[in-house]
Amino acid sequence: MIRAIIAGVLLATAVAGAANGQQVPDTLFVPVTAPAAFGIGAGPRLVIDGGHHNFHTVNGRYAPFARLAARDGYRVSGSTSRFSDEMLSSVDVLVIANALNAINDRNNWSLPTPSAFADDEIAAVRRFVERGGALLMIADHMPFAGATEALGAALGVSFVNGFAYDAANNSIFTYTRAKGMLAHPVFEGRNARERIDSVVAFTGSAFWLPAGGAPLMTIPAGSRVRMPSVAWQFSDSTASVSAMGMLQGAALRVGKGRVAVSGEAAMFSAQRAGPQGRNAMGFNAPAALQNAQYALNVLHWLSGFLPDK
């Protein structure tokens, strides 16, 4: 029975792994959200990192996210620069999604997964937040969680470099007010039209907050984080740890600034994968139609337009 279950997991993850390499942005999908928070081009300066071998970039798989934020009034741009005090001085909201070290670029998703960021870059991001900057830090399943581990640790977040699966071997989690979604202004928004009742995450990592913070989405009971030496390659000897108490979403204060954390990246975009792009992942998935508003609510919280608690 155990081997049959593992075989099923291997088949499912092999399919997912194949689709992973074919993920493309869904440039046609337009999500339904509440009216824009700002006039076009009048909102905070939002910069999407593209300087660290990122799997998601402003003109690539995060183009739908960039378009969503721009439609809300954010002044969106991408960056291919290293992080420094000077570079970050012109940023209000920094978005880092699935950064990688050079050795793990081009789908070389095997251990080791060293930090995507040099020590001086991590220190600069920490100073940026402490002085009042906002950071959306996203680290998906292995190897992305491993590549973001050092940056996360500097900000009070401990990533686990693996794949989160529930007790039924599902890696797609649906969080609702009755299941896993914890009370926070991010889910209430500024009005009834921005209220969030459901958010879907599409195969990600997990993390915990050793120094405290506000959990947003807690992983279902009985879940485990599988930690293969090569992404998507699992066997009955693959190491794993219990995901009890771990999260896929959180919000915390660091100094004068705000940090939102996600253990999954597709939930902040609209992508298609698989044969002929049949598989919708993100805003465009039929079960995830509130994900786009959730993304905006996260940005509003980071920008100080929603209260801490």
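A few points about this structure:
- If the condition is being in a loop (DSSP other than H, G, I, E, B) and either open to solvent by 40 Å² or more (accessible area, probe 1.4 Å) or touching a Leu at 6+ places or on another chain (Cβ under 6 Å) (or both), then region 63-100 contributes Asp72, Tyr74, Thr80, Ser81, Arg82, Ser84, Ser89, Ser90, Asp92.
- So Ala211, is it modelled with pLDDT of 95 or more and either part of a loop (DSSP other than H, G, I, E, B) or crowded, with 22+ Cβ neighbours inside 10 Å (or both): no
- For region 228-250, filtered to residues that are under 21 Å from Leu182 (Cβ atoms) and assigned to a strand (DSSP E or B), the residue that is most open to solvent (accessible area, probe 1.4 Å) is Ser242.
- Scanning region 197-208 for residues that are surrounded by 20 or more Cβ atoms within 10 Å (Cβ to Cβ) and more than 20 Å from Val241 (Cβ to Cβ) yields Val199, Val200, Phe202.
- Selection status of Ile103, closer than 21 Å to Asn161 by Cβ and open to solvent by less than 30 Å² (accessible area, probe 1.4 Å): no
- Yes/no for Val261 being crowded, with 20+ Cβ neighbours inside 10 Å and within 16 Å of the chain's Cα centre (by Cα): yes
- Screening region 251-298 for strands (runs of 3 or more DSSP E) wholly inside it with 2 or more residues that are within 17 Å of Leu151 (Cβ to Cβ) returns the ranges 257-262.
- Region 61-77 residues that are at positive phi, paired with ones that are surrounded by fewer than 24 Cβ atoms within 10 Å (Cβ to Cβ) and of a type in the set (A, V, I, L, M) (beta carbon under 8 Å, 6 or more apart): Gly73/Ala36; Gly73/Ala37; Gly73/Ile40; Gly73/Ala42
- Set side by side, the residues Arg177, Arg190 differ, and just one is surrounded by fewer than 24 Cβ atoms within 10 Å (Cβ to Cβ), within 22 Å of Gly257 (Cα to Cα) and among the charged types (D, E, K, R), which is Arg190.
- Among the residues of this structure, Ala139 counts as one that is under 24 Å from Leu302 (Cα atoms), in contact (Cβ under 8 Å) with a residue 60 or more places away in the chain and not hydroxyl-bearing (Ser, Thr, Tyr).
- Within region 39-62, the residues that satisfy the criterion of being over 21 Å from Asn108 (Cα atoms) and among the hydrophobic types (A, V, I, L, M, F, W, C) are Ile40, Ala42, Leu46, Val47, Ile48, Val58.
- Scanning region 22-74 for residues that are of a type in the set (S, T, N, Q) and farther than 23 Å from Ser84 by Cα yields a total of 4.
- Pairing residues of region 22-37 that are farther than 11 Å from Gln293 by Cβ with residues that are open to solvent by less than 30 Å² (accessible area, probe 1.4 Å) and part of a loop (DSSP other than H, G, I, E, B), at Cβ distances under 6 Å and at least 6 apart in sequence or on separate chains, gives Asp26/Asn284; Phe29/Asn284; Ala36/Asp72; Ala36/Gly73; Ala37/Asp72; Ala37/Gly73.
The values are calculated or read from the model by the stated rules, or taken from the named source; none is laboratory data. This structure is a prediction, so every number in the text was calculated from the model and none was measured. Cβ coordinates were reconstructed from backbone atoms using ideal geometry, including for glycine residues, and neighbour counts include every protein chain displayed. Accessible surface is based on the protein model in full, side chains and every heavy atom, while ligands, DNA and RNA are left aside. Shrake-Rupley method; radii C 1.70, N 1.55, O 1.52, S 1.80 Å.
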